[in-house]
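Just so you know, all these numbers are worked out from the coordinates, no wet-lab data involved. Not measured: the values here are computed from a predicted model. Glycine gets a Cβ as well: all are built from the backbone with ideal geometry, and neighbour counts include every protein chain shown.
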Amino acid sequence: MISHDLGKEKGVYISTYGCQMNVNDTERMYTLLEMLNYSPVSTADRADLIIVNSCSVREKPVHKVHSEVGRYKDLKIKKPHLKIGVGGCVAQQEKKKLLKDVPLLDFVFGTDAIDQLPKIVQDLMAQNNKVVSAQFEHAKPYHVETLVRNPGVSTFVNITKGCDNFCTFCVVPFTRGRERSRPLRHLLQDVLNLTKRGVKEVTLLGQNVNSYTSECGANFAQLMKALASDTPIERIRFTTSHPKDFDEELVSVMQEHRDKIMDYIHLPVQSGNSEVLARMNRGYTREEYIRKAKMILEIMPGAALSTDIIVGFPGETQGQFEDTMTLLDEVPYESIFSFKYSPRPFTKAARWEDQLSDKEKSQRLYRLQDQHKQIAFELAKRYQNQKVSVLVEEYDEETGKANGRSTQNKLTHFQADRNLVGETVQVLIKEAFPQTLRGEWIR
Ligand code: 5AD
Ligand code: SF4
């Protein structure tokens, strides 16, 4: 059914929380809603449709949805036709309960309902009934072409969805459902199409990219090899890896195609203590993880590593936390993303009684981040007076300043006298900061 005011341009505002998967989903929503004549607006007060694309991986996610939607109360009074919806992981987790708890909401749609968004919005406009759509599409194969309105230099491409690992702290298997992979031939075509639209770099996305399995049987290493050999894409990145499934075959493919596959690996460790790792259900020990990290650096010398760490997991003793601290001396992480453990609904660890106090968790987080700051500073020095290869993503005409990422994923700033966006250039690094680099363009 077609909405009565289809044809008249309307505004949609989407606020996005959480991971790159959500950023990509938001882009998909904008693209789908364009078909209904909705154009993105930069502030909520200019919108006819507001969507909160929510995240529930950590810290008070439901509360964040309540407070954001609450801010639109006056707007809704002023504009009775305004519709407000919540998508993403909180929507999937709470389903119709969210409509009951947040009366301002008009619709809730889950992580598998994004492609139904145009229909949901049309039904909503036509019938004015509240809508909930939060079923998992278990039966359907995972066939989703990347949808981006104006792809820039770099774009995300989903290769898998869902997760079957059930780490005991993590809500994702409950909010994103069972793991599914897109067929390899679809991905090759998708990336080829993106290159025709000017895309130079793709970041392949999945909760655990290393367990990717195409319906033809190809694994992740074979997918990477095919993308590097059979498409004109210039740069390939991927996230997130799982240490238990990250293997030597993949590192060898990365090294073999180092011109195209970037030498940066995000390898979430979560803890440096084997007992904690077992209780987290991670599937590897401290020693196995360290061996893998060393194997990567041996096969790919100079590659950059980063990680995710949780402090204050239930029952984590002071000694076990110290093992996480010492891991920083064993594995040269250029950046870490560290979090206080936060109990999540449906997860095993949330039900355990030995929860740590917030004060204890904060102290551990502070110590970890403080120690890593110094390590990152030391590690960054290796780029000083070195040449790095940068894909230029932005250029400011007025200042002549350009920036982009080095192969090792460092944001690099330099002066250029012409627009270099989309080009890969060599930059000689003059100053290396822990997370960014400053250098001179080598013409
Ligand atoms: N508490 C704290 N951090 C978490 N993460 C996932 N679940 C939780 C939780 N319950 C972190 C992990 C993961 C990253 C995306 O978020 O480190 O790798
Ligand atoms: Fe969550 Fe573990 Fe799956 Fe990552 S691998 S999404 S941490 S359950």
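Could you work out how much longer the chain between Thr31 and His81 gets when fully extended? Use 0.36 nm per residue separation minus the Cα distance between them, nm to one decimal.
Values: separation 50, 0.36 × 50 = 18.00 nm, distance 2.19 nm.
Here the segment from Thr31 to His81 would lengthen by 15.8 nm.
Convex hull volume of the C-alpha atoms in the chain, normalised per residue: 161 Å³.
Given a cut-off of 32 Å, name the pairs among Lys73/Lys119; Lys225/Lys348; Lys161/Lys200; Lys64/Lys119 whose C-alpha atoms lie farther apart than that in the structure shown.
Values: Lys73/Lys119 25 Å; Lys225/Lys348 38 Å; Lys161/Lys200 23 Å; Lys64/Lys119 27 Å.
In this structure, Lys225/Lys348 exceed 32 Å between Cα atoms.
Ranking Phe313, Thr175, His81 by Cα position along the charge dipole of the chain, where only Lys, Arg, Asp and Glu carry charges on their C-beta atoms, puts His81 farthest toward the positive end. The slack between Val421 and Phe346, meaning 0.36 nm per residue of separation minus the straight C-alpha distance, is 22.5 nm.
Placing pseudo-labels 7 Å out from each Cα toward the beta carbon at Glu248 and Thr213 gives an inter-label distance of 2.3 nm.
To the nearest 20 debye, what is the magnitude of the charge dipole of the chain about its Cα centre, counting +1 on the Cβ of each Lys and Arg and -1 on the Cβ of each Asp and Glu?
Details: 61 positive and 58 negative charges, 212 e Å.
Dipole about the Cα centre, nearest 20: 1020 debye.
About its Cα centre, the dipole of the range 34-190 is roughly 320 debye, where the only charges are +1 on Lys and Arg Cβ and -1 on Asp and Glu Cβ.
Rounded to the nearest 20 Debye, what is the dipole magnitude of the range 154-379 about its Cα centre when Lys and Arg each give +1 and Asp and Glu each give -1 at the C-beta? The partial results should precede the final answer.
Values: 30 positive and 31 negative charges, 195 e Å.
Its charge dipole is roughly 940 debye.
Rounded to the nearest 500, what is the chain's calculated 222 nm mean residue ellipticity when only DSSP H runs of at least 4 contribute -39500 (n - 2.57) each, over all residues?
For the chain, the value works out to -10000 deg cm²/dmol.
The distance between label points at Glu287 and Asp45 comes to 6.3 nm (points 7 Å beyond Cα on the Cα→Cβ vector).
Working note: Karplus 6.51/-1.76/1.60 with θ = phi - 60° gives the range 34-48 the couplings 4, 5, 9, 6, 8, 10, x, 10, 8, 9, 4, 5, 9, 9, 9 Hz, where Gly and Pro are set to x.
Candidates Gly198, Pro243, Ala303 compared by Cα position along the dipole of the range 154-379: farthest toward the positive end lies Gly198, with charges placed on Cβ.
By the rule of a second cysteine Cβ within less than 4.7 angstrom, the chain holds isolated cysteines at Cys19, Cys55, Cys89, Cys163, Cys216. Residue separation of Glu440 and Met295 scaled by 0.36 nm, minus their Cα-Cα distance, works out to 48.9 nm of gained length.
I want the local charge near Asp263. Using Cβ-Cβ distances under 15 Å, sum +1 for each Lys or Arg and -1 for each Asp or Glu among the other residues. Present the calculation step by step, with values, prior to reporting the outcome.
Values: positive: Arg235, Arg237, Arg258, Lys260, Arg382, Lys387, Arg405, Lys410; negative: Glu201, Glu234, Glu256, Asp259, Glu298, Glu334.
Value of the local net charge: +2.
Of the residues Phe166, Leu187, Asn129, the one whose Cα sits farthest towards the positive end of the charge dipole of the range 106-199 is Leu187 (charges of +1 on Lys and Arg Cβ, -1 on Asp and Glu Cβ, taken about the Cα centre).
Legend: calculated FRET efficiency, Ser229 to His143, from the Cβ-Cβ distance at R0 = 35 Å, rounded to 0.05, equals 0.90.
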